[in-house]
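Heads up, the thing below is written out as structure tokens.
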Amino acid sequence: MPVKVIGLSGSPHRHGNTETLLDAFLEGTRDAGASVEKVVLKELDYSACRGCNACHKDGECIVKDEAIPLFDKILDVDCLAVASPIYSMGITAELKGLIDRAQYIWARKFILKTLYFTNEHIRSHKGIFISTAGQDWDYVFDAAFPAITAFFNTIGFEYYDNIIANQMDRWKGVKNHPTALAEAREKGDKVVRAIEGIRQEAEAKGK
Amino acid sequence: MPIKVLAIAGSPRRHGNSETLLDWVLDEMRKEKDVEVEKIALDEADVRPCKGCNACEILNECVQRDGMDVLGPKITSCHVMVVSAPIFCMGINAQTKAMIDRFQVFRSRKYVLKVPVVAPELKGKRLGVFLSTAGQDWGHVFNGAIPTVKCMFHVVDIPDRDIHYLMVNKVDEKGAILSHPTAKQDAENLARDVITEVRARLGQ
């Protein structure tokens, strides 16, 4: 079975720097033999979390929209790439809106304790954060990491790597960046091979 | 001159912990005769996310027509801007993040078009207050939100030294803040300190 990869594009801006970087990553995974899907969040119909905590009682979200089937898909893949540009030192409202909706999965894990991910499961499910920023500060991504870390942790993925490039204003776009796109393609290849390696290890142990 | 306080309750949950913290601050401020308080619930303000189109760098305004048309002038003309928001998933909640991203138009004015964001007589006389609550008991639970909050205040001419914070962790279920040992007192003290400071800056 091929390694399943899903890439979420959290930018409101189609085919911009972040989505282009995500595309390069996905191309790398496809070339390595993965089955790949890309989801553009701005084209989905979902609302942000209401903070009602109803999910703390039964592990279900009361908001029935396109976020729920998307989470079903996310929980079914081996590799999840989450892409967002940096706006105001954080991820976009579109991506944060989706991440906040994972509260019902968090509630299953930590309140109801009906969901548990083994270490093996976490190790074989890889999460990648992809981002670009106009600013040249190295710390421009720092405030985005805690939400991404919490998200991968909630859904049972290992936070495997970042593909991030700043100074978009200086380079006049990711296409002119000296290394970013090649690095993204390489990391796509690498993560698929890593997941395949873990599968082979598990099979060898099983025998 | 009355001191104008604009308060934005950023939580999608009405009258929850972060909004209660805000109400404590505002109730204390309202006791002062020279203070005018306006409170807006972001959940009812119809503010959509930024489209990332960068048109504001040329047009000096946003291409979207929504609640931000009403909110924008209030934000740039108040003396004290208070924002309350809960922490969801280690960051500021998405609804508040959407509003902050719309401050891009102020950023364009300040750094690209280089036109004034606030009236000259308000410069150096504005204070910001950020109030937050989080369920987790980790002290670092607010760290992801603070840089975004700073961005928000900076682009409307409220520098770091003029931002006041009150962030209360370990309050999750609705009403949990009511049994917090110090939050109400801290909120009232903060309110008095902020009004005293603005009066001094205005020479009142």
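Computed from the coordinates by the stated procedures, all read-outs in this text should not be read as laboratory data. Everything numeric in this text was worked out from a predicted model, so none of it was measured. All Cβ positions, even for glycine, are placed from backbone atoms using ideal geometry, and neighbour counts span all protein chains on display.
Checking every one of the GluC sites (Glu not before Pro) in segment B:26-125 against DSSP loop status and a limit of 16 other Cβ atoms within 10 Å picks out B:Glu61. Taking other C-beta atoms within 10 angstrom as a stand-in for reagent exposure, B:Arg109, A:Arg50 fall in the order A:Arg50, B:Arg109, fewest first. With Cα atoms defining each centre, segment B:161-204 and segment B:22-99 are spaced 18 Å apart in the structure. Adding -39500 (n - 2.57) for every DSSP H run of four residues or longer, then dividing by how many residues chain B holds, sets the calculated 222 nm ellipticity at -10000 deg cm²/dmol. Here is the list for segment A:99-185: trypsin sites (Lys or Arg not before Pro) lying in DSSP coil, each with at most 16 other C-beta atoms within 10 angstrom of its C-beta, are A:Lys113, A:Lys172.
Each residue of segment B:89-104 is assigned a 3J(HN,Hα), and the resulting list reads 6, 6, x, 5, 4, 4, 5, 5, 4, 4, 5, 4, 4, 6, 5, 3 Hz, derived from the Karplus form 6.51 cos²θ - 1.76 cosθ + 1.60 (θ = phi - 60°), x at Gly and Pro.
Over all pairs of different C-alpha atoms, the protein assembly as shown has a mean inverse distance whose reciprocal, the Kirkwood radius, equals 22.4 Å. By the rule of a C-alpha distance below 16 Å, with chain neighbours fewer than 8 residues away ignored, the lysines paired with B:Lys33 are B:Lys4. The length gained by stretching the chain between A:Thr114 and A:Ile198 to full extension, at 0.36 nm per residue less their Cα-Cα distance, is 27.6 nm. Overall form of chain A: oblate. Here a/c, set by the Cα gyration tensor axes a ≥ b ≥ c, is 1.5 or more, and a/b is not larger than b/c.
Please compute the Kirkwood hydrodynamic radius of segment B:50-92 from all pairs of different C-alpha atoms, in Å with one decimal.
That comes to 12.9 Å for segment B:50-92.
Using R0 = 35 Å, the C-beta based FRET efficiency linking B:Arg65 and A:Asn176 works out to 0.50.
Near the amide H of A:Ala81, within less than 5 Å, lie the amide hydrogens of A:Ile6, A:Gly7, A:Leu8, A:Ile128, all on another chain or at least 5 residues away, with H placed in the peptide plane. Return the whole-Å distance between the Cα centroid of segment A:20-53 and the Cα centroid of segment A:137-207. Cα centroid to Cα centroid, the span is 13 Å.
Counting neighbouring beta carbons within 10 Å and listing from fewest to most, the residues A:Tyr104, A:Tyr46 come out as A:Tyr46, A:Tyr104. The distance between label points at B:Lys33 and A:Glu37 comes to 6.6 nm (points 7 Å beyond Cα on the Cα→Cβ vector).
Please compute the net charge surrounding B:Val25, taking Lys and Arg as +1 and Asp and Glu as -1 over other residues with Cβ under 11 Å from its Cβ. Summing Lys/Arg as +1 and Asp/Glu as -1 gives -3.
Once Rh is set to the Kirkwood radius over Cα pairs, what Stokes-Einstein translational diffusion coefficient, in µm²/s, holds for segment A:32-117 at a temperature of 37 °C and a viscosity of 0.692 mPa s?
Values: Rh = 14.2 Å.
Estimated diffusion coefficient is 231 µm²/s.
Hey, how much of the P(r) for chain B falls beyond 23 Å, as a percent of Cα pairs? Everything past 23 Å amounts to 42 percent. The calculated FRET efficiency for A:Asp72 paired with B:Arg161, based on their beta-carbon distance and R0 = 41 Å, is about 0.30.
List B:Ser18, A:Ser9, B:Ser108 from most exposed to least, where exposure is judged by having the fewest other Cβ atoms within 10 Å.
Working: B:Ser18 28, A:Ser9 31, B:Ser108 23.
With the fewest neighbours first, B:Ser18, A:Ser9, B:Ser108 line up as B:Ser108, B:Ser18, A:Ser9.
Distances between placed amide hydrogens fall under 5 Å for B:Val168 paired with B:Ser132, B:Thr133, B:Ala134, all partners being 5 or more residues away or on another chain. Pairs A:Lys126/A:Lys205; A:Lys64/B:Lys150; A:Lys42/A:Lys64: which are spaced more than 24 Å apart, C-alpha to C-alpha? Check vs 24 Å cut-off fails for A:Lys64/B:Lys150.
Within the shell defined by Cβ-Cβ distances under 10 Å, the residues around B:Pro116 carry a net charge of +3, with Lys and Arg each +1 and Asp and Glu each -1.
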